[in-house]
Amino acid sequence: MDRFHVMKVFVAVAEERSFAAASRRLALSPPAVTRAVADLEERLRAKLLTRTTRFVRVTDLGAQYLADARRILEELEAVDEAIGGSYRAVRGGLVVTAPVLFGRLYVIPGVVDFLNRYPDTRVNALLLDRVVNLVEEGVDAGIRIGELPDSSINAALAGKVRRVVCAAPAYLKKHGTPKRPEDLKRHTLIAASSVSSTGEWRFAEGRKALGIKVQPRLSVTTNDAAIEAATRSFGLTRLLSYQVAPLVASGKLEIVLSRYEPEPLPIHVVYREGRQTSARIRTFVDLMVSRLRADPALA
């Protein structure tokens, strides 16, 4: 059996976490997919996948083989395109990642635009509120909010967001509007761990940094939950400006303490780039950067 074909089948099964889904993706029969993976494991004399009745997962050896297989297939595709005179052809699969709420509001619309423009492409979008290692997790491109710890990573600046404190107008009418960060100690606070992972909210007064210790009455693990509680007039919460922009525009939430906001956080589109980067990665990055830069909520 052709080794590149078997490698492609294994990658599809690993990414889809399902033999049936991989067979649909590759337009192959389920027995053909199963046989290809079995032949690969027999040839390598290694177990690459763990199978149960509910899911398929890669083993440690399988994860290592998956990363190498992706790289080899990408380079093979790039070589074929270059020799065929169509290096800029946009086709094949992409794995992209973004924070959950940002992904839903901004990235998925961009992904749909990309897929509609280039019908020979497919995208696996990983919406996760954690930093994803592009190389280790086989991701082609992603969105990072905040300063990049690794200056060597390929990145394009696409916008910025502010850290804002907000509440429903009804809450502010009943309890008063805080004038300085210290006033927050007298208010009911809602903390989203994805934005404020410590017990301190950071502000700025001119060039002076201010740290306010907070004791939230309600702590939640998702931004959506914090927004829901705030819109129900329970208290003040601290989120990123894009997360509440539609609610602020509609008057359901009101931003306070804006003069004490710290420096905005940059938004970057990060991506893997090697000796022969596929056209689809570059095209997707260019499209996302263009869309994000054009959005007034991210300016």
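The values are calculated or read from the model by the stated rules, or taken from the named source; none is laboratory data. Only a predicted model underlies this, so the values are computations on that prediction, with no experimental measurement involved. Neighbour counts are summed over all protein chains in view; Cβ atoms, including those assigned to glycine, are modelled from backbone coordinates with ideal geometry.
Table for the structure above
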item	result
Condition check for residue 73: part of a helix (DSSP H, G or I) and modelled with pLDDT of 90 or more	no
Conditions (1) at pLDDT below 95; (2) under 27 Å from residue 190 (Cβ atoms); (3) surrounded by 14 or more Cβ atoms within 10 Å (Cβ to Cβ): number failed by residue 167	(1)
Matching option when the condition is over 22 Å from residue 272 (Cβ atoms), assigned to a helix (DSSP H, G or I) and over 26 Å from the mean Cα position of the chain (by Cα), among 32, 22, 46	32
Matching option when the condition is at pLDDT 90 or above and in contact with a Phe, Trp or Tyr (Cβ under 6 Å, 6 or more places away or on another chain), among 181, 264, 216	181
Cβ-Cβ under 9 Å pairs, at least 6 apart or on other chains, region 37-60 side in the same structural domain as residue 11 (by TED's automatic domain parsing) and surrounded by 13 or more Cβ atoms within 10 Å (Cβ to Cβ), far side part of a strand (DSSP E or B) and of a type in the set (Val, Ile, Thr)	48/58; 49/56; 49/58; 56/50; 58/50; 59/50
The one condition in (1) under 18 Å from the mean Cα position of the chain (by Cα); (2) closer than 21 Å to residue 146 by Cβ that residue 281 fails to fulfil	(2)
Identity of the residue in region 215-232, surrounded by fewer than 18 Cβ atoms within 10 Å (Cβ to Cβ) and not charged (D, E, K, R), that ends up nearest to the chain's Cα centre (by Cα)	222
Within region 99-131, tally of residues that are under 26 Å from residue 193 (Cα atoms) and in contact with a Gly (Cβ under 6 Å, 6 or more places away or on another chain)	1
Residue under evaluation residue 157, criteria (1) touching a strand residue (DSSP E or B) at 6+ places or on another chain (Cβ under 9 Å); (2) over 27 Å from residue 221 (Cα atoms); (3) surrounded by 18 or more Cβ atoms within 10 Å (Cβ to Cβ), criterion not met	(3)
Count - residues of region 109-154 that are exposed (fewer than 14 other Cβ atoms within 10 Å of the Cβ), over 14 Å from residue 99 (Cα atoms), among the charged types (D, E, K, R) and under 16 Å from the mean Cα position of the chain (by Cα)	2
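Conditions tested, residue by residue: (1) more than 25 Å from residue 251 (Cβ to Cβ); (2) of a type in the set (Gly, Ala, Ser).
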{"position": "170", "(1), (2)": "no, yes"}
{"position": "180", "(1), (2)": "no, no"}
{"position": "187", "(1), (2)": "no, no"}
{"position": "193", "(1), (2)": "yes, yes"}
{"position": "201", "(1), (2)": "no, no"}
{"position": "206", "(1), (2)": "yes, yes"}
{"position": "214", "(1), (2)": "yes, no"}
